[in-house]
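The structure appears right after this line, and notes come after that.
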């Protein structure tokens with residue numbers, strides 16, 4: 001790769017919007033409440049380049065890039081009624097060599113109070129971010145912009161576009177907004193989901209251990225198999241995970257069977273125009289109830305297909321946003337002290353919300369990068385991070401013809417992952433497995 005460290009940069013735009021603090025968005029309010037010594041709501045995004053990383057140059061790129069993302073260059077603070085983000089002018093975040101167990105707990109006062117970590121290993125750059133800063137879309141903008149800046153410092157000519165933002169341009173005010181509140185205007189609020197779901201039983205790992213299993217395969221192969229079933233890739237992989245969970249529950253011979261449910265985030269930017277880099281997702285719960293009878297895989301995939309089309313639409317999602325926003329808008333709740341809010345939210349999540357799903361699955365879809373950046377990139381990875389309770393999380397991402405399925409689990413047993421990949425292989429998909437377990 002050509003090097004040109006003295007390459008002249010354009011004059012930086014110094015007219016960036018300056019704020020004293022940023023209110024947490026509607027989703028971000030919950031994540032700090034769940035913080036424990038052994039748990040933080042942290043996700044990881046990684047890019048694998050075709051040449052080994054130079055950490056000194058990467059640190060320069062971090063210093064340049066973070067200035068472009070003011071809501072990521074922040075520290076979290078606690079007020080009387082709410083938490084908020086304030087600009088963080090301390091040195092950092094600092095580039096570190098990668099660790100075996102990613103997505104470790106992120107104490108709010110560590111790392112010079114930054115809620116972002118940057119790692120490198122061989123040809124991989126990894127970004128870990130606390131979910132109170134934003135969702136995977138916002139994090140991918142930071143990672144791709146960082147990668148483009150890094151490549152430019154090495155002499156590459158990389159244009160802006162897609163997830164790569166211009167580091168010499170001030171942020172659009174819309175990037176900083178809480179987009180939920182703009183669209184929480186439905187006339188009815190759909191009720192919350194109820195019944196407790198099946199939970200995978202397993203041996204809990206020590207809190208510093210996160211078991212990673214990656215499946216790498218061809219997008220074309222997966223798409224061909226999904227099309228054979230009359231489904232999209234997301235529908236097909238949801239059905240495979242439900243199928244694996246059903247098999248796992250049946251093998252345990254439970255006295256009382258429960259519904260198998262997947263917690264799946266939906267990117268609301270697909271339905272509501274917004275450029276926000278903060279959280280803008282909501283959850284849906286594809287499920288199968290084995291108490292109604294035995295399901296073939298074909299029945300599961302047809303059920304998931306119909307479920308997706310019923311729930312993933314602008315009208316239903318607007319109602320769901322409105323339901324989520326109702327609590328924050330309540331004038332009585334707004335004046336309740338923060339410690340009481342924390343207790344109520346934590347209790348609700350632990351007793352109800354967390355028990356409403358058997359596993360998590362997110363699909364970031366097919367990533368695009370500027371055409372002149374493609375030759376430098378091999379693939380991307382995404383990890384949902386440490387589960388709140390003993391379970392497994394599944395994250396999917398693709399670039400060109402490489403699709404990666406990344407499982408992250410806090411239990412020793414890998415039965416669900418094995419059943420999942422076994423079904424893919426049985427359907428004729430060639431899968432390469434990587435893991436931090438061996």
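For residue 91, are the conditions met, namely being more than 22 Å from residue 386 (Cα to Cα) and surrounded by fewer than 18 Cβ atoms within 10 Å (Cβ to Cβ)? Answer is yes for this residue. The set of residues from the stretch 275-296 being buried (at least 18 other Cβ atoms within 10 Å of the Cβ) and either part of a loop (DSSP other than H, G, I, E, B) or assigned by TED's automatic domain parsing to the domain that holds residue 173 (or both) comprises 276, 277, 278, 279, 280, 286, 295. Out of 44, 83, one residue alone is touching a helix residue (DSSP H, G or I) at 6+ places or on another chain (Cβ under 7 Å) and crowded, with 16+ Cβ neighbours inside 10 Å. It is 83.
Quick one: in the stretch 368-391, which of the residues that are under 14 Å from the mean Cα position of the chain (by Cα) and in a strand (DSSP E or B) is farthest from residue 40 (Cα to Cα)? Of everything passing the filter in the stretch 368-391, 380 is farthest from residue 40 (Cα to Cα). The sole residue among 378, 400, 434 that is in contact with a helix residue (DSSP H, G or I) (Cβ under 8 Å, 6 or more places away or on another chain) and surrounded by fewer than 18 Cβ atoms within 10 Å (Cβ to Cβ) is 400.
Taking the stretch 245-267 as the range and being surrounded by 24 or more Cβ atoms within 10 Å (Cβ to Cβ) and assigned to a helix (DSSP H, G or I) as the test, only 245 passes. Against the list (1) under 23 Å from residue 265 (Cβ atoms); (2) surrounded by fewer than 23 Cβ atoms within 10 Å (Cβ to Cβ), the condition residue 49 fails is (1). Note on the stretch 154-177: among residues that are within 21 Å of the chain's Cα centre (by Cα) and assigned to a loop (DSSP other than H, G, I, E, B), the one that is surrounded by the fewest Cβ atoms within 10 Å (Cβ to Cβ) is 162.
Only one entry of 85, 115 meets the criterion of being over 18 Å from the mean Cα position of the chain (by Cα) and either touching a residue at least 40 places away in the same chain (Cβ under 8 Å) or assigned by TED's automatic domain parsing to the domain that holds residue 338 (or both), and that entry is 85. State yes or no: is residue 181 part of a helix (DSSP H, G or I) and surrounded by fewer than 22 Cβ atoms within 10 Å (Cβ to Cβ)? Judged against the criteria, residue 181 is a match. Filtering the stretch 315-349 down to residues that are free of Cβ contacts under 8 Å to residues at least 12 places away in the same chain and surrounded by 13 or more Cβ atoms within 10 Å (Cβ to Cβ), which residue is nearest to the chain's Cα centre (by Cα)? Within the stretch 315-349, the match that is nearest to the chain's Cα centre (by Cα) is 348.
For the stretch 94-112, a residue qualifies if it is farther than 18 Å from residue 388 by Cβ and either part of a loop (DSSP other than H, G, I, E, B) or in contact (Cβ under 8 Å) with a residue 60 or more places away in the chain (or both), and the qualifying residues are 94, 98, 99, 100, 109, 110.
The values are calculated or read from the model by the stated rules, or taken from the named source; none is laboratory data. Computed from a predicted model, the values in this text were never measured in an experiment. Because the Cβ atoms are built from the backbone with ideal geometry, glycine has one as well, and the counts that use them run over all protein chains shown.
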